[in-house]
1. What percentages, rounded to whole numbers, describe P(r) for the chain computed over all alpha carbon pairs with 10 Å bin width beginning at zero?
2. Which whole-Hz couplings ³J(HN,Hα) result when phi for each residue of segment 164-172 is put into the Karplus expression 6.51 cos²θ - 1.76 cosθ + 1.60, θ = phi - 60°, listed in order with x for Gly and Pro?
3. On a C-alpha basis, how far is the centre of segment 34-53 from the centre of segment 159-202 in Å? Whole number, if you could?
4. For Leu194 and Ala44, compute 0.36 nm times the residue count separating them, minus their Cα-Cα distance, and round to one decimal in nm.
5. At a 10 angstrom cut-off on C-beta neighbours, averaged per residue, how do the peptides 129-136, 217-224 rank from highest to lowest?
6. Within 10 Å, count the other beta carbons around each residue, average over each peptide in 12-19, 74-81, and list them highest first.
7. Where does the chain land at 222 nm, in deg cm²/dmol rounded to the nearest 500, when only DSSP H runs of n ≥ 4 count, each adding -39500 (n - 2.57), divided by all residues?
8. Suppose a student asked you for the relative contact order of the chain, using Cα pairs under 8 Å spaced at least 6 residues apart; what percent would you report?
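We did not get these values from a lab; they are worked out from the coordinates using the rules stated. Remember, predicted model here, so these are calculated numbers, not experimental data. Note that each Cβ is placed from the backbone with ideal geometry, even for glycine, and that neighbours are counted across all protein chains shown.
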Amino acid sequence: MRSLPRLGRLRIVLFAAWAVAAIVLVVALVPVHYHEIGILAGGADLWVYRDGGWRALHGMPIYGVPVVLGLLYTYTPFSTLVFVPLQAIPGGVVTELWMGVNVLVLVACIALAWRLAGYRLSPRLLAVSFAMGLGCTFLEPVRTTLFYGQINLWLMLAVLWDVSRGRNSRLAGIGIGLAAAVKLTPLYFVAYYLVLRRWRAAAVATGTFAATIALAWAVLPGESHRYWTRTFFDSNRIADDEHPSNQSLRGMIAHLTGGPGPIWVWLLGSAVVVAGSMALVFALERRGERLLGVTLAGLTAAVVSPFSWSHHWVWLVPLTVVLVERALVRGRWWWGVLGVFAVAGAWPFHWGDGPIVVGLFLYPPSWPTAWLHVNVYLWLYIAVVAAVAGRLVRERRRARVASATAVPSDARQPVAESRDPEPRSDPAPEPEPAP
């Protein structure tokens, strides 16, 4: 572990300006109490979680019937047990309190990302993490997570904590298993562990996930049976594939073709994406770039998921840490940070007399650039994969050239063959035949 480099006055001002600018943009671009998307007018998903916990506590139906606000509960039965403690928070303050805690979880995710990059915790690192946490609130996935009261940041924190465990840690796998027990997408990190040959961690994650299913089945047998035999297989329980907020490969296919594409196209494309990304993850792990590897895995999980809401893309936060770390070390990667915020920022659009929307993917589909902006996170993912693969290829070529041109330190000049001063009079012996 190394210490975060000392920050000069200019960089301190830069981080402070980033944090202030993000907060100003979040509260100024969209009225904070705007009923559709104002940052202080949300909390819908939090209330769904709260109602799910209440229904589990009182033995009420959870699946197949609308819960609070007329929405359906789509998470696992175990998640309702996790959300039971939310009943203890008064309804008048639960939304604001949850948002504040979510910001602290965001800061914790950034601090853990720095640790995965090889930096020890210190007051300087925590200060930078706090400033970056405020700065990342303007990323659309983060802002939308805060607005809806989502749990994506908690799940990412569990995964980052899990991956930061040592190879011999008996705790590795528990965090991923618990995260997957609430929302299924983190199960992808079991494959991540398998690719890295962390067999025990993969087994612990799988076992933890299975244990949560058994626990929920014991407490909520009827609802568990309904979820795992019916609700789980209902592909329409979330939304239509072509919904613009579906920022997954399956959503991209639907956006480009005007409707749900053949399932085999999505499966084949997902297989190619997983194989390619895991090859990069393996190469990055061998180079000691664990943060970039786990970030790429998190982004890939959002790509191959059947339906990925935009707020599932909170893995852009550790990607920002990767880019900032390179900016501090090399001084030329700030363009990468600016690029991420340019395409994934919470940029609003006002539909005339209609609502205000946030995020480039919700801009008018009638624009000529619709094929680009409606699939903005997929194109960003492609750019990240191309950049990582290109860098690895270039560095491998440079290493080969350096190896080919290097002169070994123990190299010796060839010694001239000695000759007899007089020609030999006796004939040379015949060589013996090989046995």
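1. Result, from short to long distances: 4, 18, 28, 25, 11, 3, 3, 3, 2, 1, 1, 0 percent.
2. Going residue by residue, I get 6, 5, x, 4, 9, 6, 7, 8, 4 Hz, with x marking Gly and Pro.
3. 30 Å
4. Details: separation 150, 0.36 × 150 = 54.00 nm, distance 3.65 nm.
Between Leu194 and Ala44, full extension yields 50.4 nm more.
5. Working: 129-136: 22.4, 217-224: 16.2.
So the order, starting with the most tightly packed, is 129-136, 217-224.
6. Numbers: 12-19: 15.4, 74-81: 22.9.
Those peptides, ordered most packed to least, come out 74-81, 12-19.
7. Taken over the chain, the calculation gives -19000 deg cm²/dmol.
8. Working: 558 pairs, mean separation 67.9, N = 435.
In percent, rounded to a whole number, it is 16.
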